[in-house]
Structures are given as C-alpha cells and as structure tokens.
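*Asks:* I have a structure I would like to understand better, so I am pasting it below and will then ask my questions one at a time.
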Amino acid sequence: MFTLSQLDLAVVLVYVLLLIGVATWISRSEKGHDRNADDYFLAGRTLPWWAVGASLIAANISAEQIIGMSGSGYAMGLAIASYEWMAAITLVLVGKYILPVLLKSGVYTMPQFLEQRFDRSVKTVMAVFWLGVYVFVNLTAVLWLGALAIQSMTGLDMNLGLLSLAAFALAYSLYGGMRAVAMTDIIQVVVLVAGGLVIAWISLDLVADGAGPIKGFAMLLDAMPEKFDMILSSDNPEYKNLPGLGVLLGGMWVMNLSYWGFNQYIIQRALGAKSLQEAQKGILFAAGLKLLMPLIIVVPGIAAVMLAPDLTKPDQAYPEMMKLAPSGLRGLIFAGLIAAIVSSLGSMMNSVATIFTMDLYKPLRPDSTQTQLVTMGRVVGTASLVIAVLCARPLLGNFDQAFQYIQEFTGFFTPGICAIFLLGVFVKRTTSLGALTAALGSFVLSVLLRWGLPDMPFMDRVGYVFLLCCALALLVSWLQGWKPQAKAMDLANVNFTSSTGFNIGAAAVTVFLIAVYALFW
C-alpha cells in the first residue's frame with residue numbers, strides 16, 4: 001500500500017472533474033439536431049482513426065490488468081508479454097480481413113451481423129448470451145477487480161470503491177454515449193502511456209544506479225536471463241498458463257480473434273469510424289500501442305525483482321514501482337489507473353445498451369422513435385451497472401483469483417463464437433443449425449475436456465475445442481445438404497484492398513514480432 005499526498009489527491013480530483021467536463025462538452029448536441037441511435041451507439045459513425053485506436057486500447061486495459069500483468073512480469077518474466085504482442089498481429093489481421101466485412105454489412109452489433117448471415121434465432125441466442133456475459137461476468141469483474149486494485153493501493157473500503165467507480169462511469173459516459181467514451185479515451189491513453197513510460201524509465205534507471213534506462217535493461221538481462229524467455233519449457237511452473245509453442249500456434253489465436261474481432265464492446269469503436277480506411281488506421285494505431293505495452297507494464301514488474309525482491313505478492317510490484325514517482329505525478333498516474341477502469345465500464349455499459357436496444361427492444365417495437373431508442377439505451381446502461389454493483393460481492397467475494405473467473409467462464413464459449421463468425425464470413429455453406437451446434441458444442445466440449453483432462457493447459461484446450469467446433473458446424477451443414485446459403489455475403493463485393501500505409505504498418509508489426517521472438521526465444 002502506498003500513501004497519496006495532498007498534492008496527489010488534488011491531482012486525482014482535478015483529473016476526474018476534467019474528464020467529466022470534457023465528456024459533457026463533447027456530448028452536446030448541435031443546435032436543431034436531436035441525438036439518434038447512430039449518434040449514441042456509434043458516435044454518428046464519425047470517429048477519426050486516432051479516436052478509434054485510443055479507444056480500443058482504453059477499453060481493453062484496466063487497472064487490474066496493469067497490476068496483474070506487471071505482477072506476472074515479476075513472477076514469470078517477459079513471457080506474459082505474448083498476450084500484448086500477439087494481440088498486435090491479431091489486430092492487423094482483423095483490420096485487413098474482418099473489418100471490411102463488418103463495415104460493409106452496416107450493422108450496429110455483432111448479433112445483427114449473425115442475423116444477416118444466418119437467421120433471427122442465431123442472433124437472439126447470441127444477443128441474450130452476450131448480455132449475460134457482459135453484465136454478470138465482464139462488468140461485475142471489472143468493477144470488483146478495479147475496486148480491489150484501488151483498495152490494495154490505498155486501503156479504500158471496497159463498497160465505497162464500487163460505488164465511486166460506478167458513479168464516475170455514469171457521470172462521464174451515460175449522457176453522451178459512444179462519442180463521450182471514445183473521445184475522452186484519448187486523454188486516458190495519453191496519461192496511461194506517459195505515466196507508464198515514466199515508471200519504466202525511473203525503475204530501470206534505479207536498477208542501473210543512475211546510469212540510464214538502457215543500461216538498466218541490459219543489467220536485468222544479464223542478471224536474470226530466465227525472465228526474458230518468451231517460450232516457456234514444459235518444466236517451467238508457469239507452463240500451464242503459457243504452454244510453450246502453443247502460445248504461438250494454438251489457442252491464443254482463438255482467444256485474440258474472438259476478443260479483438262468479434263467482441264461487441266471492442267469492435268464497436270471500429271464500427272463507429274468515419275470510413276473503412278479510418279477504421280483500419282485506428283486498428284493499426286492500436287496495434288502499435290500494443291507493441292509498447294510490455295515496456296510500460298511488464299518491464300517495471302521485472303525491474304521490481306531487483307528493486308523490491310521481498311514482496312509478499314507479485315501483484316504488489318506495480319504499486320511498489322509507483323512509489324518511485326514524485327508527488328503530483330504519482331497522483332496523475334493513479335488517476336489514469338482509475339480512469340482506465342471507468343473507461344472499460346463505460347465501454348461495456350454502452351455495448352450492453354446497444355445490444356439490448358437494437359437486437360431485442362427494437363424488433364419488438366419497430367415503430368420506436370430515435371429518441372425512444374436513445375432513452376432505452378440510457379436506462380439499460382444504468383440498470384446494467386446497478387446490477388453489476390449488487391452482484392459483484394456475491395459472485396466474486398469468495399474468489400482468490402477473480403480474473404480466473406473471467407477466463408474460465410468465457411473460455412467455455414470463446415471457441416464456439418470464433419468458429420461461428422469465421423465460418424459465417426468465409427464458408428458460404430455453413431448453415432444456421434451448424435452455427436448453433438458450434439455454440440452449444442463449445443460449452444459441452446470445454447466442460448468434457450476440463451473434466452477429462454484437467455492438466456491440459458487452458459490455452460491448448462481452447463485451441464482443440466475451436467477445431468472441434470468448426471468440424472461440428474461443417475458436419476451439420478453437410479448433413480443439411482452442403483448448399484451455399486442465400487444470406488452468405490459475397491466476398492467478391494467486399495473491398496479487402498488496404499492503403500499502402502496500412503500495409504507498411506502491418507509489415508512493420510510483423511517484422512518486430514518475428515525479431516522479438518527470435519531474440520528472446
């Protein structure tokens with residue numbers, strides 16, 4: 001636990017008020033223009049690339065992830081950075097091959113795309129499923145873990161932390177919707193990245209006893225070479241979490257494609273872009289930021305092994321390194337961590353509101369006005385956050401590792417979701433029944449493998465279940481006649497051509513990753 005000075009607390013308060021003020025200003029409607037569903041749920045489809053990219057990162061990163069990943073750096077080393085670096089190449093693939101299809105379809109939500117490709121039953125099943133996951137798993141977990149992270153650093157009461165985070169999220173995101181969330185995310189990403197770079201610089205400089213961060217990194221590499229192994233051997237105690245080559249060739253691809261390509265609260269930013277080109281540039285910007293994340297999150301955790309070797313828990317590494325920042329700056333970094341939690345909450349709230357309103361409410365009331373749709377979105381967003389606050393302690397209070405709660409639950413369904421979308425986009429003969437079979441099979445097969453092969457690494461299980469789900473969907477589709485489906489999109493009409501800048505950036509990301517894994521194999 002570290003203590004915030006009066007200057008730090010003043011900085012936190014100013015930052016919170018500034019963020020709410022900026023969000024309120026951005027949320028103003030133009031004179032004579034009533035906010036419609038496009039404005040509220042997709043920012044009027046006018047987001048520039050820098051807002052798309054920054055918002056993707058802000059929605060992804062929260063305080064507990066920063067603290068947890070830095071703690072993993074303390075415990076296992078640079079190998080945990082695979083989550084970030086593999087996400088970068090996944091973003092490039094999503095921008096090149098998935099975004100053109102989604103933007104061509106003109107949908108608000110991922111369930112809407114499933115209705116366009118399959119039928120209403122697939123859409124309804126997946127909409128209800130996602131609402132349940134976002135409210136009872138994602139929103140609840142981010143709230144709980146965020147309050148837990150704040151408590152661990154400051155000693156703030158959990159209940160007060162939950163209520164404060166919820167109130168902050170409502171204050172800055174409820175009225176303006178996606179535009180308020182996406183545009184303020186720019187501020188948050190700048191603060192997070194700048195603060196993280198400062199902590200990395202200070203910690204590495206201290207390792208080198210004032211000789212500079214580059215010297216400090218070299219000293220870490222010489223003193224603890226095992227902390228820089230990217231591919232773990234089977235005798236490593238962390239192998240079950242990062243199973244060697246399975247990281248590069250197995251289930252992490254499935255997890256990343258499902259998260260970055262088919263996850264409503266992530267992809268919704270790209271759906272709100274001005275154009276495909278702007279969305280692709282935003283995706284590439286996010287991929288570049290992902291390459292930077294291990295430096296500002298994982299490396300301070302590794303440095304903490306030398307600077308604070310006697311920590312009782314690895315998750316204390318990042319708060320311990322934050323103590324090194326001077327008063328005032330420490331408050332700004334802490335405010336950035338709080339804002340990261342709230343950004344994730346705001347993103348999830350907006351996605352819950354979008355799915356409920358556009359996929360469940362609007363079909364039942366097709367004559368609803370734009371004002372009624374926006375009002376329903378606000379009511380549902382508020383209700384989802386209230387439910388999450390009430391359910392946080394009962395659902396997660398007894399979990400030693402609440403993050404594992406997210407991984408285990410969503411991991412049962414991730415392979416099926418990924419299979420449904422990939423087959424739906426690229427295999428015209430996949431039927432609706434085949435898609436539903438893959439969704440159900442994902443849960444059943446995951447449970448069977450977890451029970452029958454309990455020692456199988458989680459990531460490997462996800463990979464195997466994905467392949468089995470694809471096989472099931474294709475088998476059922478074959479039994480139904482194996483005919484091209486009338487609703488399947490003709491990919492010949494989709495523009496997969498990307499700009500020269502995007503192609504150069506994608507190549508740079510690929511070369512960087514090849515070099516990193518070759519260097520730290």
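The values are calculated or read from the model by the stated rules, or taken from the named source; none is laboratory data. Computed from a predicted structure; not experimentally measured. All Cβ positions, even for glycine, are placed from backbone atoms using ideal geometry, and neighbour counts span all protein chains on display. The area values use the complete protein model at the heavy-atom level, side chains included, leaving out ligands, DNA and RNA. Shrake-Rupley method; radii C 1.70, N 1.55, O 1.52, S 1.80 Å.
*Asks:* Does segment 359-370 contain any residue that is modelled with pLDDT under 85, among the aliphatic types (A, V, I, L, M) and either under 24 Å from F136 (Cα atoms) or surrounded by fewer than 18 Cβ atoms within 10 Å (Cβ to Cβ) (or both)? Show your work before the answer.
*Replies:* Here is the first cut: in segment 359-370, the ones modelled with pLDDT under 85 are none.
For segment 359-370, residues modelled with pLDDT under 85, among the aliphatic types (A, V, I, L, M) and either under 24 Å from F136 (Cα atoms) or surrounded by fewer than 18 Cβ atoms within 10 Å (Cβ to Cβ) (or both): absent.
*Asks:* Would you point out the residue of segment 318-329, among those that are open to solvent by less than 30 Å² (accessible area, probe 1.4 Å) and of a type outside the set (S, T, Y), that is farthest from K227 (Cα to Cα)? Outline the logic, then answer.
*Replies:* Residues of segment 318-329 open to solvent by less than 30 Å² (accessible area, probe 1.4 Å): 318-319, 321-322, 325, 328.
Now drop any that are not of a type outside the set (S, T, Y), which leaves 319, 321-322, 325, 328.
On the way: P319: 20, M321: 18, M322: 21, A325: 24, G328: 32 Å.
By that ranking, first place goes to G328.
*Asks:* Wholly within segment 28-110, which helices (runs of 4 or more DSSP H) include no fewer than the required count, namely at least 1 residues that are within 28 Å of F520 (Cα to Cα)?
*Replies:* Details: elements: 37-42, 49-60, 63-75, 82-93, 99-105.
Per the criteria, 49-60, 63-75, 82-93.
*Asks:* Quick one: which of A63, A59, A43 is open to solvent by less than 10 Å² (accessible area, probe 1.4 Å) and closer than 24 Å to S499 by Cβ? Walk me through it before giving the result.
*Replies:* Working: A63 fails: closer than 24 Å to S499 by Cβ; A59 fails: closer than 24 Å to S499 by Cβ.
One residue alone meets the criteria, A43.
*Asks:* Consider D310 against the criteria (1) open to solvent by 40 Å² or more (accessible area, probe 1.4 Å); (2) of a type in the set (D, E, K, R); (3) in contact with a helix residue (DSSP H, G or I) (Cβ under 7 Å, 6 or more places away or on another chain): it satisfies all of them except one. Which criterion is unmet?
*Replies:* For D310, the failing item is (3).
*Asks:* Within segment 253-273, can one find any residue that is in a loop (DSSP other than H, G, I, E, B) and either open to solvent by 60 Å² or more (accessible area, probe 1.4 Å) or modelled with pLDDT under 90 (or both)?
*Replies:* Our first condition is that a residue be in a loop (DSSP other than H, G, I, E, B); within segment 253-273, this holds for 262-263, 272.
Then drop every residue that is not either open to solvent by 60 Å² or more (accessible area, probe 1.4 Å) or modelled with pLDDT under 90 (or both), which leaves none.
Looking through segment 253-273, none of the residues is in a loop (DSSP other than H, G, I, E, B) and either open to solvent by 60 Å² or more (accessible area, probe 1.4 Å) or modelled with pLDDT under 90 (or both).
Results for (1) more than 30 Å from G288 (Cβ to Cβ); (2) in a helix (DSSP H, G or I); (3) open to solvent by 60 Å² or more (accessible area, probe 1.4 Å), shown as yes or no for each residue.
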site: V462; (1), (2), (3): no, yes, no
site: V465; (1), (2), (3): yes, yes, no
site: G481; (1), (2), (3): yes, no, no
site: A507; (1), (2), (3): no, yes, no
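*Asks:* If you take the residues of segment 420-451 that are assigned to a helix (DSSP H, G or I) and of a type in the set (V, I, T), which of them is surrounded by the fewest Cβ atoms within 10 Å (Cβ to Cβ)? Break it down into steps so the answer makes sense when it comes.
*Replies:* From segment 420-451, those assigned to a helix (DSSP H, G or I) are 420-426, 432-451; that's our starting set.
Those still in the list that are of a type in the set (V, I, T) too: 420, 425, 437, 444, 447.
Working: I420: 29, V425: 22, T437: 21, V444: 15, V447: 12.
If we take residues in segment 420-451 being assigned to a helix (DSSP H, G or I) and of a type in the set (V, I, T), then V447 is surrounded by the fewest Cβ atoms within 10 Å (Cβ to Cβ).
*Asks:* Here's another thing I want to ask about it. Do any residues in segment 312-324 that are under 17 Å from L295 (Cα atoms) have Cβ atoms under 6 Å from those of residues that are assigned to a helix (DSSP H, G or I) and among the polar types (S, T, N, Q), where the two are at least six apart or on different chains, and which pairs are they?
*Replies:* Note: pairs meeting the criteria are A317/S70; Y318/S70; M321/S203.
*Asks:* Sticking with this structure for a sec: So in segment 109-136, with the set limited to residues that are among the aromatic types (F, W, Y) and in contact with a Gly (Cβ under 9 Å, 6 or more places away or on another chain), which one is nearest to F262 (Cα to Cα)?
*Replies:* Filtering first and then ranking leaves F113.
The rows are residues; the columns are (1) of a type outside the set (A, V, I, L, M); (2) outside any loop (DSSP other than H, G, I, E, B); (3) open to solvent by 10 Å² or more (accessible area, probe 1.4 Å).
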site	(1), (2), (3)
A303	no, yes, no
Q316	yes, yes, yes
G331	yes, yes, no
I341	no, yes, no
S347	yes, yes, no
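*Asks:* Let me ask you something else. Looking at (1) surrounded by fewer than 19 Cβ atoms within 10 Å (Cβ to Cβ); (2) assigned to a loop (DSSP other than H, G, I, E, B), which is the only condition A194 fails?
*Replies:* For A194, the failing item is (2).
*Asks:* For segment 202-252, which positions are open to solvent by 30 Å² or more (accessible area, probe 1.4 Å), touching a Leu at 6+ places or on another chain (Cβ under 9 Å) and not in a helix (DSSP H, G or I)? First the steps, then the outcome.
*Replies:* Applying the first criterion (open to solvent by 30 Å² or more (accessible area, probe 1.4 Å)) to segment 202-252 yields 202, 205-206, 209-211, 214-215, 217-219, 221-223, 225-226, 229, 233-241, 245, 248-249.
Subset that is touching a Leu at 6+ places or on another chain (Cβ under 9 Å): 202, 206, 214-215, 217, 219, 229, 236, 238-239, 241.
Listed by number, the residues that qualify are D229, N236, E238, Y239, N241.
*Asks:* Return the only residue of A147, A180, A167, A171 being assigned to a helix (DSSP H, G or I), at pLDDT below 90 and surrounded by fewer than 23 Cβ atoms within 10 Å (Cβ to Cβ). So that I can check it myself, show each step before the final result.
*Replies:* Numbers: A147 fails: surrounded by fewer than 23 Cβ atoms within 10 Å (Cβ to Cβ); A180 fails: surrounded by fewer than 23 Cβ atoms within 10 Å (Cβ to Cβ); A167 fails: at pLDDT below 90.
Residue meeting the stated conditions: A171.
*Asks:* Within the bounds of segment 18-40, is there any residue that is of a type in the set (F, W, Y) and under 18 Å from T375 (Cα atoms)? Please lay out each step first, then the result.
*Replies:* Kept after step one, since they are of a type in the set (F, W, Y), are these residues of segment 18-40: 25, 40.
Restricting the remaining residues to those that are under 18 Å from T375 (Cα atoms) gives 40.
Yes, because at least one residue in segment 18-40 is of a type in the set (F, W, Y) and under 18 Å from T375 (Cα atoms).
*Asks:* Tally up the residues in segment 318-329 that are among the aliphatic types (A, V, I, L, M) and part of a helix (DSSP H, G or I), please. Explain how you work it out, then say what you get.
*Replies:* From segment 318-329, those among the aliphatic types (A, V, I, L, M) are 321-322, 324-325, 329; that's our starting set.
Imposing the further condition that a residue be part of a helix (DSSP H, G or I) reduces the set to 321-322, 329.
Looking only at that region, the number is 3.
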